[in-house]
Amino acid sequence: MANKPRPGAIRKAKKGPTSGTGGLGRKALQGKGPTPKAEDRPYHKAHKKKAAADRSAEKSTGRGGGPASRGAGGRGRNKPSEEMVTGRNSVVEALRAGVPAKTLYVAVRIETDDRVRNILKLAVEQGIPLLEVHKPELDRLTGDAIHQGVALQIPPYDYPDATDLAQETLSKWKKGYISSAPLFVALDGITDPRNLGAIIRSVSAFSGHGVLVPERRSVGMTATAWKTSAGAAVRVPVARAANLNRTLESFKKQGIFVLGLDGDGDISLPDLTLAKEPVCIVVGSEGKGLSRLVRENCDQIVSIPIDSAMESLNASMAVGISLYEVSRRRSTGK
């Protein structure tokens, strides 16, 4: 009686030919961009190690890790966390506006539509790394926001120092590198990122040289501000002032005139005579206006003549009108 072959000793033949993927396997790997750093991959031990170090640093300083939309922290503060733009429409708009991004997260086995295909196309064109993650991990990364399977990681904005920016701009003007006198806009108590984005756009349109935002209780450069600026944020620097009043004092010492916008002004905008000089225009919030100390630090308080039925103008609109008048006077020499 012949011995039975031992189990597993017989090689099983395939049942007929098998078909390939038709190139789908290769195509699936295309368009994902460069591989993110280890610390940016949620499943990597380097990412977990970094997250643990960040939590430890927060506990040691007694600070909580707030959302990145608050903007970058000041000197001596913890490095802010990155902002996450979530949702297919929001991510498409952010990519179209050229918002700087660090990583695009896409859910595994996401149901693709025209928006998802557009997102992937724009990310590849802009060289943004793409990382596929499972839905629970994407929920955790976005704080359980409605992400629809996509999220865009925005790094913190790199704010230049306001005083340094003023000194550099003045130096360039005196050496003839820029033709028009330095022109800045400072924000006092403005917290709406859409206002900031619109102001940046106006500063760019009328040849301004920068926007100043206070370090505390103020709007910062969020994804919303980037989108509202319509790309102007790439050309106009947004500087941080640790103390707005001290910064304005330093501006005045350098020869920059500080003009505050307020409905109850010393002079009317059509009577402005300082337009051709180095100028910093300060605008307050629509409700509160300029704070008392900022108002005291202004060389002049300028009002915009409007119909008596309208109490005040939106901050970005007031800045746009004022910048137009300054630009007009500089171009005409009047």
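Structure notes:
- Per-residue Cβ neighbour rank within 10 angstrom, fewest leading, Met221, Met84, Met317: Met317, Met84, Met221
- Nearest-0.05 FRET efficiency for Arg96 and Lys37, computed from C-beta distance (R0 35 Å): 0.85
- Between the alpha-carbon centres of the stretch 136-185 and the stretch 223-293 there is a gap of 17 Å.
- Tensor-based shape of the stretch 162-332 (alpha-carbon gyration tensor, a/c under 1.5 rounded, otherwise prolate or oblate): rounded
- Taking each of Lys227/Lys276; Lys102/Lys227; Lys121/Lys227; Lys172/Lys276; Lys252/Lys276; Lys227/Lys252 in turn, the alpha-carbon distance tops 25 angstrom for Lys227/Lys276; Lys227/Lys252.
- Look at the Cα gyration tensor of the stretch 78-159: its axes a ≥ b ≥ c give a/c of at least 1.5 with a/b at or below b/c, and that counts as oblate.
- Placing unit charges on the Cβ atoms of the charged side chains and taking the dipole of the stretch 167-310 about its Cα centre, the candidate lying farthest along the positive direction among Val302, Pro237, Ser291 is Pro237.
- Put a plus charge on the Cβ of each Lys and Arg, a minus charge on the Cβ of each Asp and Glu, and nothing anywhere else: the dipole of the stretch 162-332 about its Cα centre is then about 720 debye.
- Rounded if a/c under 1.5, otherwise prolate or oblate - the stretch 101-227, Cα gyration tensor axes: prolate
- Percentage relative contact order, the stretch 162-332, counting C-alpha pairs under 8 Å, at least six apart: 26 percent
- Approximating the spin labels as points 7 Å out from Cα along Cα→Cβ, the Asp164-to-Ser312 distance works out to 3.4 nm.
- Fully extended contour minus Cα-Cα distance, from Arg117 to Glu132, at 0.36 nm per residue: 3.9 nm
- Measuring nothing but how far apart in sequence close Cα pairs (under 8 Å, 6+ apart) lie, relative to its length, the stretch 109-244 scores a relative contact order of 23 percent.
Taken together, the values in this text are just the output of simple stated rules run on the coordinates, not laboratory data. Treat the numbers as computed from the prediction; the structure is a model and nothing was measured. Methodologically, a virtual Cβ is constructed for each residue, glycine included, from the backbone with ideal geometry; neighbour enumeration extends over all protein chains shown.
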